[in-house]
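Structure, as structure tokens:
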Number of protein chains: 2
Amino acid sequence: MPTSLQLTTQQLEYLVAVDTHGTWAEAAAALGVTPSALSQGIAELERRLGIALFARDGRRRVPTRDHAEVLRYAESTLAATRDLARWLASRQAGTTGAVRLGMIDAAATHHFRDVLRRHRRHRPDVALRLAVGPSRSLLDSLARAELDVVVCVETEELREGITQQALLDDPLSVLAPTPSPSGTGRGSCAPRPAEWGPWVTFPAGSHTRELIADALERAGARFEVVAESHQPEVLREMVLLGVGWTVLPLAGLGPLEGLDVVRPDLVARRLVLARRAGAPPDAAVDELVAALLAGAAE
Amino acid sequence: MPTSLQLTTQQLEYLVAVDTHGTWAEAAAALGVTPSALSQGIAELERRLGIALFARDGRRRVPTRDHAEVLRYAESTLAATRDLARWLASRQAGTTGAVRLGMIDAAATHHFRDVLRRHRRHRPDVALRLAVGPSRSLLDSLARAELDVVVCVETEELREGITQQALLDDPLSVLAPTPSPSGTGRGSCAPRPAEWGPWVTFPAGSHTRELIADALERAGARFEVVAESHQPEVLREMVLLGVGWTVLPLAGLGPLEGLDVVRPDLVARRLVLARRAGAPPDAAVDELVAALLAGAAE
DNA sequence: AACGATGGTTCAGGAACGCTGAACTAATCT
DNA sequence: AGATTAGTTCAGCGTTCCTGAACCATCGTT
């Protein structure tokens, strides 16, 4: 009972390229083929699947409802294929290969700084490529098989094909600018949550921001956001400038002068280690994972 | 950064065909293709991957070490492709489609007999295809996307891409042939475990057999097997014929005359509902799953 | 030892596929 | 209206993949 569905990685590549780039011409350029080839390729894919993936709207093509499911298939299959390609490359080179690690800011600059340094010294032959960014984009890259391991904030809804294991809990504290000595009228006692804010924090969509919004809500504070940045340092500077308050991990934040810790440990975010479930075995990756787990247990 | 690995479902199909059939000629026939095409196809695949998948040994080809990893990829990709093909078919037909359900013997004939009957009456439009067999082969079929849902014995090491949820616990009891009234010298009191056996039970490799072997070991009995069958009814008959003892679920076994329940509830096997993680959504399957879960809770 | 059967490969030739470049259509911008 | 942009269609050509036939090597048989 054969599949009777003849597909090519090429065609799947076309599909996701069209999806990720705003325009087909752009996608074609990214693939290194002419728009003609892309158009014909997608048409051929539609023919083989027996369904329309794109409808015509003016001179633009808009994905149909069916498109989503096929795209899901294409993306997961291509991720697996990239994994295989990577495994083949390392097999052929015979080297221990490279490890592509993704980390959120605090993990790279504080929690696992020493682990990385030690690991680098211990295994100078392993090319370690480190990508720092917000959890969501790291997990996207991981799913796309562009990264091998990711250290990020725990996510409630876990994704298809991604496994997580807990590393450590990272407590977040409420920080306000230190009130000027010759008072603003605000008393010397800590303000009640209802008087907290406004806030500078991570951009919408950030896992940590969701945690913070939730915790502030529960504490009885309003969550009005007046400025955003993915970088903790930038948030700190904004607080120092008096733009607003923030919620950050104290660990690795640097000197606290000019800052008032209004509520330590408002909430903790759990850092987890995420990997792709279907990935082929890789000794270099396993070793790094072991080092990270050991480092977290310290 | 394209995959730079141009593969075809066709080539993967070739690879698994070669793996599942004893000889390449046979595999080629199963694929509906000449041996020549298969040979060239595999050669082309090896060329694209850049590694040898098969070594020559006499006139036979034996898989290399690398072969296993590529096969894993091929099988999981093909499973996903079959899922997509199935989804496409149901989408095109517009019907609610068919549901392919796998069950172990006891689940089909006893625990979920009424659930299936009710579901069939309730949804006569859904073509329900039922496959009964041992857990392991059902899970294999499930992984190959030949089945949509499986009810089987819980397995400790869970497979890649398969999710399980508990349904119910099925207690197993030790059964012996009733001793003839004019005694064999054995006393009327229950024998000690050390005197149990020998056994007729499920074939080696069966999940339930492993459970039984383990439980008997712990109870202090020797586990000498003198006859095997996958069918509970056959095992019961063997006990009645005096071939040996067995361990079976009493539920749904029929009349117990001629049988001696030496130890009820020796151990329980947990029945679980297994599905493929990556499968596209299917309303007909979801409804059946709901019915099974509800039936288990009753 | 010789011979045939078996398992797999190689080598033409031909069909199908996929790409490029150019001509083309249609919506959008100015 | 005219230029521009987005995507398609078409002819032509190189590549891929299949069949059928010839071929090679190994294993069994008598």
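The values are calculated or read from the model by the stated rules, or taken from the named source; none is laboratory data. Model, not experiment: these values are computed from the prediction. Here the Cβ positions follow ideal geometry from the backbone for every residue, glycine too, while neighbour counts run over all protein chains shown.
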Please go through (1) within 14 Å of another protein chain (Cβ to nearest Cβ); (2) surrounded by 17 or more Cβ atoms within 10 Å (Cβ to Cβ); (3) in contact (Cβ under 8 Å) with a residue 60 or more places away in the chain; (4) outside any loop (DSSP other than H, G, I, E, B) for B:Ala145 and return the number of the only condition it doesn't satisfy. (4)
(1) within 13 Å of chain B (Cβ to nearest Cβ); (2) at pLDDT 90 or above: which one isn't true of A:Ile42, the others all being true? (1)
Output the number of residues of segment A:18-36 satisfying the condition of being within 19 Å of A:Val70 (Cβ to Cβ), near DNA strand D (Cβ under 8 Å from one of its atoms) and not aliphatic (A, V, I, L, M). 1
Of these, B:Arg56, B:Arg86, B:Arg65, B:Arg61, which one is within 15 Å of DNA strand D (Cβ to nearest atom), at pLDDT below 90 and either crowded, with 16+ Cβ neighbours inside 10 Å or within 29 Å of the chain's Cα centre (by Cα) (or both)? B:Arg61
Pairs only if they're at least six apart or on different chains, beta carbon under 6 angstrom, first in segment A:243-261 and over 12 Å from A:Thr178 (Cα atoms), second part of a strand (DSSP E or B) and among the acidic types (Asp, Glu); list them, first residue then second. A:Pro249/A:Asp170
What's the total number of residues in segment B:115-135 that are loosely packed, with under 15 Cβ neighbours inside 10 Å and more than 18 Å from B:Ala296 (Cβ to Cβ)? 5
Assess whether A:Thr77 counts as being surrounded by 20 or more Cβ atoms within 10 Å (Cβ to Cβ), within 14 Å of another protein chain (Cβ to nearest Cβ) and among the β-branched types (Val, Ile, Thr). yes
When you scan segment B:3-10, do you find a residue that is within 23 Å of A:Tyr14 (Cα to Cα) and surrounded by fewer than 16 Cβ atoms within 10 Å (Cβ to Cβ), even just one? yes
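Does segment A:1-22 hold any residues that are away from chain B (no Cβ under 14 Å) and either of a type in the set (A, V, I, L, M) or free of Cβ contacts under 8 Å to residues at least 24 places away in the same chain (or both), and which are they? Give the derivation first.
Restricting attention to segment A:1-22, the residues satisfying the condition of being away from chain B (no Cβ under 14 Å) are A:19, A:22.
The answer is A:Gly22, and nothing else.
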Of the criteria (1) touching a residue at least 24 places away in the same chain (Cβ under 8 Å); (2) surrounded by fewer than 20 Cβ atoms within 10 Å (Cβ to Cβ); (3) not aliphatic (A, V, I, L, M), which one B:Thr208 fails: (2)
Go over the candidates B:Arg72, B:Arg48 one by one and state the one that is surrounded by fewer than 19 Cβ atoms within 10 Å (Cβ to Cβ), more than 21 Å from A:Gln10 (Cβ to Cβ) and within 12 Å of chain A (Cβ to nearest Cβ). B:Arg72
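Tell me yes or no: at least one residue of segment B:106-114 is within 12 Å of DNA strand D (Cβ to nearest atom), of a type in the set (Gly, Ala, Ser), surrounded by fewer than 20 Cβ atoms within 10 Å (Cβ to Cβ) and not in a strand (DSSP E or B).
No, there is no match, as no residue in segment B:106-114 is within 12 Å of DNA strand D (Cβ to nearest atom), of a type in the set (Gly, Ala, Ser), surrounded by fewer than 20 Cβ atoms within 10 Å (Cβ to Cβ) and not in a strand (DSSP E or B).
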Could you list, ordered by first residue, the pairs with Cβ atoms under 6 Å in which the first is in segment A:90-115 and polar (S, T, N, Q) and the second is modelled with pLDDT of 90 or more, at least 6 apart or interchain? none
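Using the structure shown, decide if B:Leu288 is surrounded by fewer than 16 Cβ atoms within 10 Å (Cβ to Cβ) and touching a residue at least 60 places away in the same chain (Cβ under 8 Å).
On the way: surrounded by fewer than 16 Cβ atoms within 10 Å (Cβ to Cβ): no; touching a residue at least 60 places away in the same chain (Cβ under 8 Å): yes.
Against the criterion (surrounded by fewer than 16 Cβ atoms within 10 Å (Cβ to Cβ) and touching a residue at least 60 places away in the same chain (Cβ under 8 Å)), B:Leu288 does not qualify.
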